[in-house]
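> Here you go, one structure.
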Amino acid sequence: MSMGGSEIHDTKQIVMTLDHDVQNKSESNLKKCRQIKEFAKKQRVDFYPAGRGIGHQIMVEEGYAWPGTLVVASDSHANMYGGVGCLVRPLSGQTQQAFGRRGGLGGRYHKSPKLRLPEPFPKALLAKMS
């Protein structure tokens with residue numbers, strides 16, 4: 001691996017999906033897809049091949065992301081996880097590789113915001129209510 005590691009710290013923390021550039025049938029792209037699939041199999045990581053679906057949808061539909069969980073994602077639609085009640089930490093691909101290899105993010109974190117909902121809960125709660 002380009003980052004110097006050869007194993008994933010905790011294979012239950014990783015899900016790999018191929019959902020971008022799936023229409024690219026060039027030999028170099030197909031080779032890259034095969035290598036990713038082989039790596040996932042070797043590491044015993046859950047893997048979804050090109051054509052199976054969109055990564056952020058797979059995460060919800062297959063039960064990896066549910067209310068109260070933390071999702072670390074590089075997908076540009078990572079904010080979608082907040083809509084199903086997850087706390088999401090968007091990361092670049094390189095940072096995700098380090099996460100998988102070391103089993104943690106390291107560094108400093110901002111405190112999570114605490115949301116206080118009105119009581120009694122209104123019939124409708126809208127984004128711009130004040």
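The values are calculated or read from the model by the stated rules, or taken from the named source; none is laboratory data. Because the structure is predicted, anything quoted here is derived from the model rather than measured. Don't worry about glycine lacking a Cβ; one is built from the backbone with ideal geometry, like all the others, and counts go over all protein chains shown.
> Have a look at GLY82, GLY55 and point out the one that is surrounded by 12 or more Cβ atoms within 10 Å (Cβ to Cβ) and not hydroxyl-bearing (Ser, Thr, Tyr).
GLY55
> Of the residues that make up the range 39-58, is at least one part of a helix (DSSP H, G or I) and over 19 Å from ILE8 (Cβ atoms)? Outline the logic, then answer.
Filtering the range 39-58 for residues part of a helix (DSSP H, G or I) gives 39-43, 55-58.
Those left that are additionally over 19 Å from ILE8 (Cβ atoms): 56-57.
Checking the range 39-58: at least one residue is part of a helix (DSSP H, G or I) and over 19 Å from ILE8 (Cβ atoms).
> One residue is enough: does the range 12-19 have a residue meeting the conditions loosely packed, with under 13 Cβ neighbours inside 10 Å, part of a loop (DSSP other than H, G, I, E, B) and not aliphatic (A, V, I, L, M)?
No, the range 12-19 contains no residue that is loosely packed, with under 13 Cβ neighbours inside 10 Å, part of a loop (DSSP other than H, G, I, E, B) and not aliphatic (A, V, I, L, M).
> What pairs can you find where one residue is in the range 30-55 and among the hydrophobic types (A, V, I, L, M, F, W, C), the other is in a helix (DSSP H, G or I), and their Cβ atoms are less than 8 Å apart, with a gap of 6+ or different chains?
The qualifying pairs are VAL45/THR11; VAL45/PHE39; PHE47/ILE36; PHE47/LYS37; PHE47/ALA40; PHE47/LYS41; ALA50/CYS33.
> I'd like to verify a number: residues in the range 3-45 that are more than 20 Å from SER76 (Cβ to Cβ) and at pLDDT below 90, how many?
12
> Of (1) crowded, with 18+ Cβ neighbours inside 10 Å; (2) more than 18 Å from LEU91 (Cβ to Cβ), LYS32 satisfies all except one. Which?
The one condition LYS32 does not meet is (1).
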